[in-house]
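Since the structure comes first, as structure tokens, the remarks are kept for the end.
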Amino acid sequence: RHGLDVEGIFRLSGSAAKIQQWRDVVDAGGTLSFVDGGENIHDVCGLLKLYLRSLPAGVLTADLYAAFLAASRCDDAGSRQHFFRACCLALPEPNRMLAAFLLRFLVKVRAHADANKMHDANVATIFGPILLQGDTFDAVVADTGAINAATLRLVAAVAAVEGGG
């Protein structure tokens, strides 16, 4: 089965022991290969989420947290797209490249929502706090609705540009 069609992708927990084992390999400078497809998809997804959460500056960086939320609040879709682009261009290059790849991937995940059950609310709930990490936990909790809305609007903006939504 294709991973994108697996029900519960990103929502169901993987094996904590397996994810830790893989993390230890990477932390020791090793590499992982998932080419044969024999790994449990939930373990692989768990490792990806752990990696993204552990980035020191976050994917969209705490410095641009407020700017991304402000861009999301823009009512006009064209202006919102323009402001999101400006925010993305202000990201450090590694973050910009990762964000572009991840957002394109989330468009694909969302396109398989009938099978994997990763509808908009699930995408936002799981990836919002991963993409947009504020300076404090309290701020993120207070902004949960805005973070989720920004995440969905970012994914929709990418889908519109790339013809996936």
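The values are calculated or read from the model by the stated rules, or taken from the named source; none is laboratory data. Nothing here was measured: the structure is a model prediction, and the numbers come from that model. Methodologically, a virtual Cβ is constructed for each residue, glycine included, from the backbone with ideal geometry; neighbour enumeration extends over all protein chains shown. Each accessible area value is taken on the protein alone, full model and side chains, heavy atoms only, with ligands, DNA and RNA left out. Shrake-Rupley method; radii C 1.70, N 1.55, O 1.52, S 1.80 Å.
Overall, the chain carries a charge dipole of about 200 debye about its Cα centre when +1 sits on the Cβ of Lys and Arg and -1 on the Cβ of Asp and Glu, all other atoms neutral. Among the trypsin sites (Lys or Arg not before Pro) found in the stretch 27-104, those both in a DSSP coil and sparsely packed, with 16 or fewer other Cβ atoms within 10 Å of their Cβ, are R73.
To put it simply, the accessible area of the chain at a 1.4 Å probe is 56 percent carbon and sulfur. Just the number, please: Stokes-Einstein D of the chain in µm²/s, Kirkwood Rh from C-alpha pairs, 4 °C, 1.567 mPa s. D = 78 µm²/s. Among rounded, prolate and oblate, which fits the stretch 49-142 when a ≥ b ≥ c are the square roots of the eigenvalues of its C-alpha gyration tensor, a/c under 1.5 means rounded, and a/b larger than b/c means prolate? Since a/c stays below 1.5, the shape of the stretch 49-142 is classed as rounded.
Taking the alpha-carbon centroid of each part, what is the distance from the stretch 109-165 to the stretch 23-74 in angstrom? What the calculation gives is 14 Å, centre to centre.
Using Cβ point charges alone (K and R +1, D and E -1), the dipole size of the stretch 84-161 about the Cα centre works out to roughly 360 debye.
In the chain, a dipole from Cβ-located charges (positive for Lys and Arg, negative for Asp and Glu) runs towards its positive end, and of A113, L103, T136 it is A113 whose Cα lies farthest in that direction.
For the stretch 32-165, report the accessible area per residue in Å² (1.4 Å probe, heavy atoms, rounded to an integer).
52 Å²
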